[in-house]
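The values are calculated or read from the model by the stated rules, or taken from the named source; none is laboratory data. None of these values were measured; they are calculated from a predicted model. No Cβ is skipped: glycine too gets one built from the backbone with ideal geometry, and neighbour counts run over all protein chains shown.
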Amino acid sequence: MSAHSPLLSLKDVSKGFFGLQVITDVSFDIAAGARMALIGPNGAGKTTIFNLISGVYTPDKGQINFAGQEISLVPSRKRIGLGLARSFQNIRLMPHLSVVENIMLGQQSQAGGLLSMATPLMGRSRWRREAEDLLARMNLETYPGEVVATLPYGIRKKIEVVRALASNPKLLMLDEPAAGLNPNETASLRDFLMGISEAGTTILIVEHDMGLVRSLCDQAIVLNFGRKIYDGLTRDVQEDPLVLEAYLGSRHAQENAHA
Amino acid sequence: MSGYWAGILSILAINIIFAYGIFIPVASGQLNLGGAGFQAVGAYSAGWLSASFGLPVSVTIAFGIIVTGVIGVLIAFPILRTKGVYLVLATFAFAEVIAGAILSSEPLGGAMGISVPGYIDWYVSVIFAGLVTVFVFYLMATRFGLTIRAIHDDEDVSDLMGVSVRNVKVAAFGIGAALTGLSGGLYAHSFSYIEIQGFNALVSIYVLLYVLLGGTQTAWGPLVGATFFTLLPEALRSVLPATKNFLVTLFGETGIVAPPDESWRFVILGALTVLMMVFRPEGLVTRTMVERLQFWRPVSRGVTQ
Ligand SMILES: Nc1ncnc2c1ncn2[C@@H]1O[C@H](COP(=O)(O)OP(=O)(O)O)[C@@H](O)[C@H]1O
Ligand SMILES: [Mg+2]
């Protein structure tokens, strides 16, 4: 990989389900170290893009390059080990595991190998300590022993971010991490992500909170009906005629639907 | 020790090991309704080797563990392709196939069963039950245990986290089968006689109930479930006649309802099962409960760079 090639690159990626075209010829690059927002109206295909990058779906067409490697055919299980980690729009923590166990699951790709499967994760285990430290960095240190299912939504949302981080990723992909958080929580999430970014992690974030997007991301990609309609600076995005039309158009459509 | 108590302790120990053998795949979300089939493989492997060649018990039981474990791994690949109720049916069918094969096999005694030389005392099974309990507690505390429980909760996310879901499921199934084989070998040598009718569908259902009612989230579940449901019928065996005598002296033979006798044991057991399913669907022992019982452990607050 040359110094200037992007960390992640999609080329003409398309995906459909049963004849319904969901993603059409989407191409974009994300440079190492960038903080990129992926925005667009509901149903635009943002989560599907995440699923294509993380390997939940295989593209019908096009290439996905990550860290200099074509990954479309790399099994989903192996992608986190390459440095690709994500969170989920609808929280997908393991409900019967404790908080710290969920984080230790996030370390799976780092632990590696058959031998690691036989190592206990109790007490002074290195993995448990690292997981607890990571939780402390997000002010979640009071929760390690709690079973996830019993925790409030905002806390679980944060834990998902920490779990993704536990794999020590090159690219951290977050699907609406601020949805359902209050303004204080959102501000603390922003500071936390800023810190992660400064430590060198590239961030791709799907988010509807434009305040968070503007204060965190310098660049944005906008999707509408599965096509890319904008790729540039975040600060100019709301003046772009296509973007305005996409959002206003969809709002009109919604109003008509409600009428 | 009286023969009665020796028998109870042997059965208790064997049931605990049996329950752990079912628990490990169940903890990963794989319901196994073929427990009796795996147990029969262990019992007949050990019993046959012992009866035919007179090998020492340590060898025959080890042989039973290996045969059952290998069969477990081999059938795990096709069987784990099925999910949910189909997996339950597949394991059930496996047990029926095993029973049918043994029933029609002359060297294994067919319907007559076989006498097993090499008698072992109750404490051998009890020691094994202790070792297996420690082993399973250890296993559940390892990363393997963590991945088992993660797969139980969400297979797809486990995969995205880098867990080799299929390998972990096969390993869980194989280890479970090996433990079930051990319980079978111990059974054969504790009771000196095995017949295939003793490894029927009801046995598979009961052991699965021990595990589900005990709780599948921690290694405490099968221990509590197997102990409770093995000892309860024994306790009822003496409590019920006493209750009957008491009620007869109170109301006479013709009270409002007939006083309970021995046969009520299974009624009470059934009612208890239904009640537990309603009030503790996640089993007697849950994760949160164990967590609450543990001492509060201080958390390292140091922030690392
Ligand atoms: N597995 C699937 N099967 C069928 N349709 C799907 C599937 N996944 C996504 N879609 C469709 O693709 C479109 C985009 O969905 P999604 O990527 O979730 O949008 P967004 O995240 O931008 O709101 C939606 O119309 C959705 O119904
Ligand atoms: Mg979405």
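When the residues of the stretch B:270-288 are filtered to those that are within 11 Å of B:GLY221 (Cα to Cα) and aliphatic (A, V, I, L, M), which remaining residue is nearest to the other protein chains (Cβ to nearest Cβ)? Spell out the reasoning first.
Residues of the stretch B:270-288 that are within 11 Å of B:GLY221 (Cα to Cα), as a first pass: B:282-287.
Restricting the remaining residues to those that are aliphatic (A, V, I, L, M) gives B:284-285.
On the way: B:LEU284: 16, B:VAL285: 13 Å.
Going through the qualifying residues, I end up with B:VAL285.
Checking A:GLY45 against (1) more than 28 Å from A:GLY195 (Cβ to Cβ); (2) crowded, with 19+ Cβ neighbours inside 10 Å; (3) more than 7 Å from ligand 1 (Cβ to nearest atom): exactly one of these is not met. Which one?
(3)
Here are some residues: A:VAL56, A:VAL74. Which one is within 13 Å of chain B (Cβ to nearest Cβ), more than 16 Å from ligand 2 (Cβ to nearest atom) and over 18 Å from A:ALA111 (Cβ atoms)? First the steps, then the outcome.
On the way: A:VAL56 fails: more than 16 Å from ligand 2 (Cβ to nearest atom).
Step by step, each of A:VAL56, A:VAL74 is checked, and only A:VAL74 is within 13 Å of chain B (Cβ to nearest Cβ), more than 16 Å from ligand 2 (Cβ to nearest atom) and over 18 Å from A:ALA111 (Cβ atoms).
Looking only at the stretch A:34-43, which residues are in a loop (DSSP other than H, G, I, E, B), more than 8 Å from ligand 2 (Cβ to nearest atom) and at negative phi?
The answer is A:ALA34, A:PRO41.
Going residue by residue through the stretch A:94-113, is there one that turns out to be more than 9 Å from chain B (Cβ to nearest Cβ), within 16 Å of ligand 1 (Cβ to nearest atom) and surrounded by fewer than 23 Cβ atoms within 10 Å (Cβ to Cβ)?
Scanning the stretch A:94-113 turns up no residue that is more than 9 Å from chain B (Cβ to nearest Cβ), within 16 Å of ligand 1 (Cβ to nearest atom) and surrounded by fewer than 23 Cβ atoms within 10 Å (Cβ to Cβ).
Restricting to the stretch B:157-174, name every residue that is surrounded by fewer than 20 Cβ atoms within 10 Å (Cβ to Cβ), more than 7 Å from chain A (Cβ to nearest Cβ) and not β-branched (Val, Ile, Thr).
B:ARG166, B:ASN167, listed by residue number.
Does the stretch A:172-182 contain at least one residue that is within 23 Å of A:ALA31 (Cα to Cα), within 16 Å of ligand 2 (Cβ to nearest atom) and either outside the structural domain of A:ASN65 (by TED's automatic domain parsing) or part of a loop (DSSP other than H, G, I, E, B) (or both)? So that I can check it myself, show each step before the final result.
Start the filter on the stretch A:172-182 by keeping residues that are within 23 Å of A:ALA31 (Cα to Cα), which leaves A:172-177.
Still in the running and within 16 Å of ligand 2 (Cβ to nearest atom): A:173-177.
Narrowing further to those that are either outside the structural domain of A:ASN65 (by TED's automatic domain parsing) or part of a loop (DSSP other than H, G, I, E, B) (or both): A:176-177.
Yes, the stretch A:172-182 contains a residue that is within 23 Å of A:ALA31 (Cα to Cα), within 16 Å of ligand 2 (Cβ to nearest atom) and either outside the structural domain of A:ASN65 (by TED's automatic domain parsing) or part of a loop (DSSP other than H, G, I, E, B) (or both).
Residues to consider are B:VAL290, B:VAL278, B:VAL274, B:VAL285; find the one that is among the β-branched types (Val, Ile, Thr), modelled with pLDDT of 75 or more, in a helix (DSSP H, G or I) and surrounded by 11 or more Cβ atoms within 10 Å (Cβ to Cβ). Full working, then the answer.
Details: B:VAL278 fails: surrounded by 11 or more Cβ atoms within 10 Å (Cβ to Cβ); B:VAL274 fails: surrounded by 11 or more Cβ atoms within 10 Å (Cβ to Cβ); B:VAL285 fails: in a helix (DSSP H, G or I).
Of the residues listed, the single one that is among the β-branched types (Val, Ile, Thr), modelled with pLDDT of 75 or more, in a helix (DSSP H, G or I) and surrounded by 11 or more Cβ atoms within 10 Å (Cβ to Cβ) is B:VAL290.
Any chance you could count how many residues in the stretch A:1-33 are hydrophobic (A, V, I, L, M, F, W, C), within 16 Å of ligand 2 (Cβ to nearest atom) and crowded, with 16+ Cβ neighbours inside 10 Å?
3
Here are A:ARG163, A:ARG129, A:ARG92: which of them is closer than 29 Å to A:ILE39 by Cβ, assigned to a helix (DSSP H, G or I) and basic (Lys, Arg)?
Working: A:ARG129 fails: closer than 29 Å to A:ILE39 by Cβ; A:ARG92 fails: assigned to a helix (DSSP H, G or I).
Answer to the selection: A:ARG163.
Among the listed residues A:ILE203, A:ILE159, which satisfies the condition of being under 30 Å from B:ALA141 (Cβ atoms), crowded, with 21+ Cβ neighbours inside 10 Å, more than 9 Å from every other protein chain (Cβ to nearest Cβ) and more than 16 Å from ligand 1 (Cβ to nearest atom)? Let's see the steps before the verdict.
Details: A:ILE203 fails: under 30 Å from B:ALA141 (Cβ atoms).
Sole residue among the options that is under 30 Å from B:ALA141 (Cβ atoms), crowded, with 21+ Cβ neighbours inside 10 Å, more than 9 Å from every other protein chain (Cβ to nearest Cβ) and more than 16 Å from ligand 1 (Cβ to nearest atom): A:ILE159.
Restricting attention to the stretch A:131-143, does a residue exist that is free of Cβ contacts under 8 Å to residues at least 12 places away in the same chain, within 19 Å of A:SER188 (Cα to Cα) and aliphatic (A, V, I, L, M)? First the steps, then the outcome.
Filtering the stretch A:131-143 for residues free of Cβ contacts under 8 Å to residues at least 12 places away in the same chain gives A:133, A:136, A:141-142.
From the residues that got through so far, the ones that are within 19 Å of A:SER188 (Cα to Cα) too are A:133, A:136, A:141-142.
So of that shortlist, the ones also aliphatic (A, V, I, L, M) come out as A:136.
There is at least one residue in the stretch A:131-143 that is free of Cβ contacts under 8 Å to residues at least 12 places away in the same chain, within 19 Å of A:SER188 (Cα to Cα) and aliphatic (A, V, I, L, M).
Exactly one condition in (1) within 14 Å of another protein chain (Cβ to nearest Cβ); (2) more than 10 Å from ligand 1 (Cβ to nearest atom) is false for A:VAL26; which is it?
(1)
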